[in-house]
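One structure is given below, encoded as structure tokens.
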Amino acid sequence: MFELSSSPSNTPPLPSSPSNYLCLYFSMEPKLHLFFSALCFYLVSAYGNTLRTYIVQLHPHGVTSSSFPTKFLWHLSFLDQTLSSEEDSSSRLLYSYGSAMEGFAALLTETEIELLRGLPDVVAVRPDQLLQLQTTYSYKFLGLSSTTDGAWVKSGFGRGTIIGVLDTGVWPESPSFADQGMPPVPKRWRGMCQEGQNFKATSCNRKLIGARFFIKGHHVSSVPPSENMVDEYISPRDSSGHGTHTSSTAGGVSVPMASVLGNGAGVARGMAPGAHIAVYKVCWFNGCYSSDILAAIDVAIVDGVDVLSLSLGGFPLPLFDDSIAIGSFRAVEHGISVICAAGNNGPIQSSVANIAPWIATIGASTLDRKFPAIVRMGNGEYVYGESLFPGKSLPIAEKELELVYVTGGNSGSEFCFRGSLPKEKVKGKMVVCDRGVNGRAEKGVAVKEAGGAAMILANTEINLEEDSVDAHVLPATEIGYAEAVRLKTYMNTTSHPRARIVFGGTVIGTSRAPEVAQFSARGPNLYDSTILKPDVIAPGVNIIAAWPQNLGPTGLPEDTRRVNFTVMSGTSMACPHVSGIAALIHSAHPGWTPAAIKSAIMTSADASDHRGKPIMDGSKPAAVFAIGAGHVNPNRAIDPGLIYDIKPDEYVIHLCTLGYTRSEIFTITHRNVSCSEKLKMNRGFSLNYPSISVAFKHGVKSKMITRRLTNVGNPNSVYSVQVKPPEGVKVRVKPRRLIFKHINQSLSYRIWVISRKKTQTKKISYAEGQLTWMNAHNSFHRVRSPISVTWK
């Protein structure tokens, strides 16, 4: 299982003997033999491990392209001009791109890169980047129902929409991908079901209508997998579970009597159970390479997907260095909504990734479902914890045991590394393990291997009270940091500390929710202070969804149990919730642009929890840098009343306002523009974004912002504005009333944000408020935009 952490990395160097690993590994896959035999031959040549993968971006209307009958041969010609004459250039080419970007990915040395950069029509050269992967109940928590006139009924459950999921693949036999009751495959679909290891063309059906895999970037850049890892399938088949989980969350069909070892029992359903799913496997045992991701986006655009769901990323990057931003811009130009995870690097400030304004960036929140597994200490006091271990039906799991916490030395025993726990100290006892460094469920395996009978997983000051649960391999529970301090105090003041775990099963509705997940990445936006990120938050903690049959519920090779569903946490889980909601909106409003769909999701989001109180972030109310516009509300998003629409050209003007150079804008958008002319023609331009973000630099006291609303509700609608200004700021809006006579009519308004703050009192600070357009005759239509103001 993928841990709640995500960090970008430079492509790792090839092993000291790359040919030995690659040739052996590829020889086991005969269908890939021809391609990789040429590659293996090259890797044993003089260049050795100086090769690495680069993405070469070309001018889409290059002057040299007319000399070649196909784009592929044109791309190959750049390698012909760069490599020695006796070498076959096709052995170096990994991918030829044409939709997400014009260009190719190839194995090159630094010397060859310098030669390439000097050739005509070469726009940019970027090294391949390694990115990381970032429900029986969540649809109910979000208010989706088949019996009321909400988002499911209005959209036909997402009927006819195609969701493309870029992830670790899919387990097609999962009941979540059965096609009973599904409509025929849309005639416009141009994708395929790619055969590979343990995956046939017949693995697809009317629900799972397409599956492909992209491995070339991974294969030439990766170190060998470790011996204790699950075998990887060289096909669209999922070997790690992550992609099966996210795909079913977005669009899985109804599966009755779903549970994780009896916990969280109910009917499992994706957000858009009537939508079709197309899977693009781009992530492998060590992560996801940007060359493979870009190849998948390239193909998905041509295939005809309506929504792209990417539960992957790293730290924020400048847009001209971000392959996801570049590929997704082209997807949005083709009318495809792109939904991405915000990342799991919270609560670090400015850690939010996937920050392009044309991407919907999703943070994670909690549900009001708990799995109590309470520790009763020997002194009679209780420590609250949670677990998915099925201990409620196993009396032996609740037996009182001696407590032990092994510390000292350099073996990492306090973290319960495998092999670090002396058997004579832990055999038959309940072992306390600090969270962090190694996987949560892996600690349980270490305890079990050392003869321990049970485990308490104790949060540290880093994790605080965050409560991601696991289906552990032995009786176990996870406790928050404050409870861990209490437990360790009891152990340190008692000569023979003892405890038992009382498993409580599944409890719903007793806790405040949603709350912000601690791991969810935070703003402000590192590279663009005028765009608030994340855009919204959605359920991402303890999400139950489909799971492959080659894995136990923990995802560890040592776990021999088999289940159809398991629990995972991360912005990876939040992202497909919104991807599914975007599919519902697309089905209900097939003519809407990606910006319109995103606006509907943002302006209808909730700023309060299910009890009507502020959404919390730990012990304090959540700020806009944690929740963006708020928590998704699909039943309001399907009928937002008004939307903020954005044309692709407007994103280009926005990049000009940020000071991007002509070549940087061309790299991102494939558009050759003069920013001086664009800005002269669009004086006072501000991107028509659904949220409002203002940064006051030294000496600046006021800013004027323009927004444009389009009526997608009823004709003859009247809206009045309500403003809650940020502290230290005056906000004026003109006009204060908008009268829409027709559907699809657009009206503009202006906002003056005036600072009343003495900037010298603090080096940097921020305040937040909101602006809401209220329908005079229909209280359902409330179009809310958060306002973020920062002083520097």
Matching entry among ALA626, ALA583, ALA637 (being aliphatic (A, V, I, L, M) and touching a Pro at 6+ places or on another chain (Cβ under 9 Å))
ALA626
Residue count for the range 262-308, restricted to those that are among the basic types (Lys, Arg) and open to solvent by less than 10 Å² (accessible area, probe 1.4 Å)
1
Do we find a residue being open to solvent by 10 Å² or more (accessible area, probe 1.4 Å) and either of a type in the set (S, T, N, Q) or in contact with a strand residue (DSSP E or B) (Cβ under 8 Å, 6 or more places away or on another chain) (or both) anywhere in the range 570-585?
no
Starting from residues that are over 18 Å from MET377 (Cβ atoms) and touching a helix residue (DSSP H, G or I) at 6+ places or on another chain (Cβ under 9 Å), keep the ones in the range 424-433 and report whichever is most open to solvent (accessible area, probe 1.4 Å).
LYS425
Does the range 466-478 include one or more residues that are at positive phi, aliphatic (A, V, I, L, M) and open to solvent by 10 Å² or more (accessible area, probe 1.4 Å)?
no
Of (1) over 25 Å from TYR651 (Cβ atoms); (2) out of contact with any helix residue (DSSP H, G or I) (no Cβ under 6 Å at 6 or more places or on another chain), MET602 fails just (1)
Among the residues of the range 615-628, are any closer than 21 Å to GLY335 by Cα and either among the polar types (S, T, N, Q) or outside the structural domain of GLU727 (by the TED database) (or both)?
no
Subset of the range 67-86 (residues that are in contact with a helix residue (DSSP H, G or I) (Cβ under 8 Å, 6 or more places away or on another chain), over 26 Å from ALA296 (Cβ atoms) and not hydroxyl-bearing (Ser, Thr, Tyr)):
ASP80, GLN81, LEU83
Kindly indicate which of PRO534, PRO539 is at pLDDT 95 or above, touching a Leu at 6+ places or on another chain (Cβ under 6 Å) and open to solvent by less than 50 Å² (accessible area, probe 1.4 Å).
PRO539
Of the residues that sit in the range 392-444 and are in a loop (DSSP other than H, G, I, E, B) and of a type in the set (Ser, Thr, Tyr), which one is modelled with the highest pLDDT?
TYR405
Would you confirm whether any residue within the range 357-375 is assigned to a loop (DSSP other than H, G, I, E, B) and farther than 30 Å from GLY164 by Cα?
yes
Criterion first (in the same structural domain as GLY591 (by the TED database), under 23 Å from the mean Cα position of the chain (by Cα) and of a type in the set (S, T, N, Q)) does SER176 satisfy it?
yes
Against the conditions (1) open to solvent by 30 Å² or more (accessible area, probe 1.4 Å); (2) assigned to a loop (DSSP other than H, G, I, E, B); (3) in contact with a strand residue (DSSP E or B) (Cβ under 6 Å, 6 or more places away or on another chain); (4) not small (Gly, Ala, Ser), where does GLU558 fall short? Just the number, please.
(3)
Hits in the range 717-732 (condition: buried (at least 18 other Cβ atoms within 10 Å of the Cβ) and either outside the structural domain of TRP773 (by the TED database) or aliphatic (A, V, I, L, M) (or both))
VAL721, VAL729, VAL731
Can you tell me which residues in the range 654-711 are assigned to a loop (DSSP other than H, G, I, E, B) and open to solvent by less than 20 Å² (accessible area, probe 1.4 Å)?
VAL673, LEU687, ASN688, TYR689, PRO690, SER691
Among residues of the range 376-387, those that are under 30 Å from LEU312 (Cα atoms) and either in a loop (DSSP other than H, G, I, E, B) or among the β-branched types (Val, Ile, Thr) (or both), counted:
1
From the list VAL406, VAL445, pick out the single residue that is touching a Leu at 6+ places or on another chain (Cβ under 8 Å), farther than 30 Å from LEU367 by Cβ and surrounded by fewer than 24 Cβ atoms within 10 Å (Cβ to Cβ).
VAL406
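Condition check ((1) of a type in the set (Gly, Ala, Ser); (2) modelled with pLDDT of 90 or more; (3) in the same structural domain as GLY304 (by the TED database); (4) open to solvent by less than 70 Å² (accessible area, probe 1.4 Å)) across all residues:
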| position | (1), (2), (3), (4) |
| --- | --- |
| PRO13 | no, no, no, no |
| CYS23 | no, no, no, yes |
| PHE35 | no, no, no, yes |
| LEU39 | no, no, no, yes |
| VAL44 | no, no, no, no |
| ASP80 | no, yes, no, no |
| ALA106 | yes, yes, no, yes |
| GLU112 | no, yes, no, yes |
So, THR603, is that one out of contact with any Ser or Thr (no Cβ under 7 Å at 6 or more places or on another chain) and of a type outside the set (A, V, I, L, M) or not?
no
Looking at the structure I just gave you, is PRO395 more than 21 Å from THR249 (Cβ to Cβ), open to solvent by 10 Å² or more (accessible area, probe 1.4 Å) and in contact with a Gly (Cβ under 8 Å, 6 or more places away or on another chain)?
no
Single residue of the range 764-792 satisfying the filter (hydroxyl-bearing (Ser, Thr, Tyr) and under 14 Å from ILE751 (Cα atoms)) that is surrounded by the fewest Cβ atoms within 10 Å (Cβ to Cβ):
THR772
Of all residues in the range 162-193 being among the acidic types (Asp, Glu) and over 22 Å from TYR289 (Cα atoms), the one that is surrounded by the fewest Cβ atoms within 10 Å (Cβ to Cβ)
GLU173
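The values are calculated or read from the model by the stated rules, or taken from the named source; none is laboratory data. Remember, predicted model here, so these are calculated numbers, not experimental data. Heads up, the Cβs are rebuilt from the backbone with ideal geometry, glycines too, and the neighbour counts pull from every protein chain shown. Heavy atoms of the whole protein, side chains included, go into the accessibility calculation; ligands, DNA and RNA do not. Shrake-Rupley method; radii C 1.70, N 1.55, O 1.52, S 1.80 Å.
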